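*Asks:* This is the structure I want to talk about, given as structure tokens.
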Amino acid sequence: MDITCKLIVPWEYGVHIRPATKIVKLLKKFDSETYFSIHNKKYNAKKMMELLTMEAHCGQKIEFLAVGSDAEEVVEKLKVLFNEYDEEESQLGAY
Amino acid sequence: MEIQGGVAVTPGITVGKAFILDREQPIIKQQFIRQDKKSIENEKQRYLKAQEKAIKELKKIEKQTADTKDISIIFCGHRLILEESQQEILHKIEHHFFKAEYAVHHLMQTYQDHLSSREGELYSRRLSDLKDIENRLLKHLTCSKNYSYKLLRKPIVIIAKELTPSQTALLPLNKIVGIITNTGGQTSHTAIVARTRGINAIVGLGEGTNSIFADDTVILDGFTGNVIIRPTQKTLAKYKKLQQKQKKSVASLQKIKAFDTETKDKESIHLLANIENPSEVETALAQGAKGVGLYRTEFIYVNHSHPNEETHYNAYTQALRKLANRTLIIRTLDLGADKDFGLFRTIEDNPFLGCRSIRLCFKYEHVFRVQLRAILRASVHGNLSIMFPMISSVEDLRKAFDVLQSVKNDLRKENIDFAQNIPVGIMIEIPSAALTCDLFVSDVDFFCIGTNDLVQYTLAVDRCNENVASYYKFAHPAVLRLVNHVIQTGNKHSVKVSICGEISKEMILAFIGMGLKEFSLSPYSILEVKKMICGMTLQQAQRIAKRVLQYTNHEDTVKYLCKKVKGIEKNQVLL
């Protein structure tokens with residue numbers, strides 16, 4: 001099953017090491033293949049280095065694609081992650 | 001692979017496994033491995049081991065920071081990056097034949113280049129994450145630091161920038177067969193330690209040490225100053241053979257212990273030992289020393305940051321008891337310059353020309369007094385002499401005597417016993433003292449020529465600066481004339497003269513010819529020197545000395561002396 005959704009990058013410093021780690025840790029629990037796409041480029045969402053080099057600033061729209069049997073659940077969980085308001089995070093900034 | 005240009009401290013061949021104690025963050029060069037299956041597999045395993053260690057370390061940090069989730073997750077991220085880079089790094093090793101360090105650096109560089117092309121602080125943070133990851137991996141690839149010394153098996157070759165006295169104190173010296181350093185020369189701390197302990201060392205190898213990796217098989221060629229790393233079977237066999245031969249000659253040297261140290265024409269020469277620690281007395285005696293001619297007391301500061309009177313007293317008493325009435329010449333604290341030990345840290349532009357040694361003792365007189373009190377108190381336990389270092393003028397000596405006298409008065413007032421008539425001498429290591437040594441003859445019992453510093457001050461060469469190492473010429477006519485002058489003056493006025501310092505047997509031959517009867521040496525050089533003395537005559541040495549004083553340069557002198565020593569050793573039938 002293929003599912004796509006649009007997400008807005010909530011983190012002040014973009015997808016830096018902390019959110020990237022959270023994303024990868026979450027997605028690795030699922031079988032689906034997962035990708036972000038931005039500026040017509042596709043990035044493997046389970047790879048730290050791809051996320052870190054992806055040009056996604058705070059407030060920017062990015063597209064997420066999940067391919068696999070658990071795709072639906074992946075998207076739901078990822079949406080939660082993107083919507084989480086992280087107080088400590090905003091205080092620490094990008095550390 | 002052979003690295004040249006090191007300075008051999010002790011002759012001999014040593015083979016061991018490299019242990020990287022410290023090094024500057026290496027500049028990663030483009031380096032390749034051999035393109036065969038075995039080399040590739042070895043390199044992959046080496047990388048995987050380092051990665052495993054790095055991951056383990058990161059997990060530990062994650063755990064330690066677990067209560068601040070937003071910190072600990074960063075290290076989790078580092079770990080994820082490490083894990084996902086594995087495949088690419090192994091690929092670079094397997095298909096591009098990159099050395100593991102280079103493979104890591106290459107990949108991280110690619111990431112970094114990618115990020116650097118973006119602007120803003122956003123990415124600079126990520127860059128520092130990557131740098132951190134790279135450094136962690138490289139650390140585990142190149143350094144052995146996280147090993148426990150206890151786990152190490154003989155034979156170890158220590159690789160370091162330069163061994164500091166405090167590092168040396170922690171090393172398991174019984175497991176170490178060799179030391180290789182980036183900096184330093186014949187008289188650096190590393191060299192002195194190595195000689196005293198009978199460890200082979202090659203110092204001043206420069207950046208060459210960066211090519212040595214943890215657990216590499218390393219051969220130290222103490223005859224040439226070269227280091228061979230990761231030798232082929234053939235090379236290794238060749239050196240092992242040489243090593244065997246050398247062991248045999250060491251064994252034959254032991255036989256000479258039974259003989260008196262005298263020339264063939266029955267001239268007695270006294271060979272004493274230099275020590276840094278009372279525990280070395282046994283070694284010295286086992287090597288045939290007739291006593292201790294130089295006890296470098298400043299090394300008390302290596303094990304005790306604030307030694308008190310009792311610390312000093314116990315050390316001296318211990319040494320005296322072990323020596324059982326043999327001579328012990330205690331040199332008062334010679335701190336500063338290359339032996340600062342972080343105590344009186346004053347930054348000086350020219351530490352060797354600065355407030356060091358006796359000057360430091362005058363400045364911090366209370367420290368000096370503590371030592372003198374301890375020496376005087378210990379004097380009742382044996383045959384002890386006091387020696388003041390770095391004396392440059394009659395005033396220096398006067399000042400030192402005043403303090404000594406005042407400490408003696410204190411002890412008398414307190415009814416504390418000390419030996420009467422303790423011999424007092426001075427180090428002759430500054431040209432001014434050498435030239436005017438006649439001014440001291442009525443006040444002191446002996447002169448001890450400190451060759452290391454005398455060479456440095458006569459020739460204006462910082463002996464710790466490898467840039468001027470080639471100017472450090474111990475057989476320079478100026479040095480020889482000064483030494484000769486001191487010997488003649490001392491002998492004329494019946495003031496005993498000796499030499500302590502790192503000198504070769506070739507120079508000893510010349511100095512015996514000039515009239516010197518006493519030498520204080522590293523314990524492990526004693527038998528070698530004794531062997532030469534037993535094979536020569538005083539007359540022969542006198543002829544040689546006469547000739548040596550006519551030479552105009554260091555090189556000719558050394559060449560001539562080497563030839564003479566070889567001749568003496570060749571004709572030696574007694575062994």
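The values are calculated or read from the model by the stated rules, or taken from the named source; none is laboratory data. Since the model is a prediction, treat every value here as computed from it, not as a measurement. Don't worry about glycine lacking a Cβ; one is built from the backbone with ideal geometry, like all the others, and counts go over all protein chains shown. Surface areas here come from the heavy atoms of the whole protein model, side chains and all, with no ligands, DNA or RNA. Shrake-Rupley method; radii C 1.70, N 1.55, O 1.52, S 1.80 Å.
*Asks:* Computed FRET efficiency, Cβ-Cβ of B:SER211 and B:SER279, R0 45 Å: what is it to the nearest 0.05?
*Replies:* It comes to 0.80.
*Asks:* Do any chymotrypsin sites (Phe, Trp or Tyr not before Pro) in the stretch B:209-253 lie in a loop, going by DSSP, with at most 13 other beta-carbon atoms within 10 Å of their beta carbon, and if so which?
*Replies:* B:PHE223
*Asks:* Given B:LYS234/B:LYS564; A:LYS47/B:LYS69; B:LYS496/B:LYS530, which pairs have Cα atoms separated by over 25 Å?
*Replies:* Where the Cα-Cα span goes over 25 Å, the pairs concerned are B:LYS234/B:LYS564.
*Asks:* So which GluC sites (Glu not before Pro) in the stretch B:38-139 end up in coil per DSSP with only 13 or fewer other C-beta atoms within 10 Å?
*Replies:* Answer by residue number: B:GLU119.
*Asks:* Taking chain A as the reference, fit the longest principal axis to its C-alpha atoms, fit the long axis of helix A:71-83 to the helix C-alpha atoms, and give the angle between the two in degrees, 0 to 90, nearest 10.
*Replies:* The helix A:71-83 is inclined about 10 degrees to chain A.
*Asks:* Just to be sure I understand the interface: list residues from the stretch A:51-77 that lose 30 Å² or more of accessible area between the chain on its own and the complete protein assembly, 1.4 Å probe.
*Replies:* When all protein chains are present, A:LEU52, A:THR53, A:GLU55, A:HIS57 each give up 30 Å² or more of accessible surface.
*Asks:* For chain B, what proportion of DSSP beta bridges, expressed in % and rounded to the nearest 5, is antiparallel?
*Replies:* Here the share of antiparallel DSSP bridges comes out near 25 percent.
*Asks:* Identify the GluC sites (Glu not before Pro) of the stretch B:350-442 meeting these criteria: DSSP loop state and at most 11 other C-beta atoms within 10 Å of the C-beta.
*Replies:* Passing sites in the stretch B:350-442 are B:GLU414.
*Asks:* Local charge sum around B:LEU236 (other residues, Cβ-Cβ under 14 Å, Lys/Arg +1, Asp/Glu -1)?
*Replies:* Net local charge, B:LEU236 excluded: +3.
*Asks:* Another one. Given the protein chains as shown and a 1.4 Å probe, how many square angstrom of B:TYR301 are accessible, to the nearest 10?
*Replies:* Surface accessible to solvent at B:TYR301 totals approximately 20 Å².
*Asks:* Which order do A:LYS61, A:LYS41, B:LYS492 take by accessible area at a 1.4 Å probe, largest first?
*Replies:* The most accessible residue leads, giving B:LYS492, A:LYS61, A:LYS41.
*Asks:* For the stretch B:37-141, calculate the relative contact order in percent as a whole number, restricting contacts to Cα pairs under 8 Å that are 6 or more residues apart.
*Replies:* In percent, rounded to a whole number, it is 33.
*Asks:* Of all DSSP beta bridges located in the protein assembly as shown, what percent are antiparallel, nearest 5?
*Replies:* 45 percent
*Asks:* Working from Cα positions, state the angle (0 to 90°, nearest 10) between the long axis of helix A:17-27 and the longest principal axis of chain A.
*Replies:* In chain A, helix A:17-27 runs at an angle near 20 degrees to the longest axis.
*Asks:* State, to one decimal in nm, how far the label point of B:ARG547 lies from the label point of B:SER494, with both points 7 Å from Cα in the Cβ direction.
*Replies:* The two pseudo-label positions are separated by 3.5 nm.
*Asks:* Under 8 Å for C-alpha pairs, at least 6 residues apart: give me the relative contact order for chain B, rounded to a whole percent.
*Replies:* About 15 percent, as a whole number.
*Asks:* Let me ask something else about it. When a/c is below 1.5 the answer is rounded, else prolate if a/b is larger than b/c, else oblate, so apply that to the stretch B:37-141 with a ≥ b ≥ c taken from the square roots of the Cα gyration tensor eigenvalues.
*Replies:* Taking the square roots of the gyration eigenvalues as a ≥ b ≥ c, the stretch B:37-141 is oblate.
*Asks:* Which helices count as membrane-span-like in chain B under these terms: full DSSP H, at least 20 Å along the axis by C-alpha, Kyte-Doolittle mean of -0.5 or more?
*Replies:* Those that clear 20 Å and a mean of -0.5 are B:69-96, B:477-492.
*Asks:* Given a 1.4 angstrom probe, what's the average accessible area per residue across the protein assembly as shown, in square angstrom?
*Replies:* Roughly 46 Å² per residue, with all protein chains present.
*Asks:* Let me know the shape class of the stretch B:455-572, please: from the alpha-carbon gyration tensor, a ≥ b ≥ c as square roots of the eigenvalues, rounded when a/c is under 1.5, otherwise prolate if a/b is greater than b/c, or oblate.
*Replies:* Rounded is the answer for the stretch B:455-572, as its axis ratio a/c remains below 1.5.
*Asks:* Quick one: how many Å² of B:HIS381 are accessible to a 1.4 Å probe, rounded to 10?
*Replies:* It works out to around 60 Å².
*Asks:* Give the distance, in whole Å, between the Cα centre of the stretch B:268-319 and the Cα centre of the stretch B:417-445.
*Replies:* Cα centres, the stretch B:268-319 to the stretch B:417-445: 21 Å.
*Asks:* Grab the DSSP H runs of chain B that are 4 residues or longer, score each as -39,500 (n - 2.57), total them, divide by all residues and round the 222 nm result to the nearest 500 deg cm²/dmol.
*Replies:* Estimated from H runs of four or more residues: -15500 deg cm²/dmol.
*Asks:* Which percent of the accessible heavy-atom area of chain B goes to carbon and sulfur, probe 1.4 angstrom?
*Replies:* Percent of accessible area from carbon and sulfur atoms in chain B: 50.
*Asks:* Taking the Cα centroid of the stretch B:472-544 and of the stretch B:28-70, what is the distance between the two, rounded to the nearest whole Å?
*Replies:* Using only Cα atoms to place each centre, the spacing works out to 55 Å.
*Asks:* Using 1/(1 + (r/R0)^6) with R0 = 51 angstrom and r between the beta carbons of B:LYS240 and B:ASP260, what's the FRET efficiency to the nearest 0.05?
*Replies:* After rounding, the FRET efficiency stands at 0.90.
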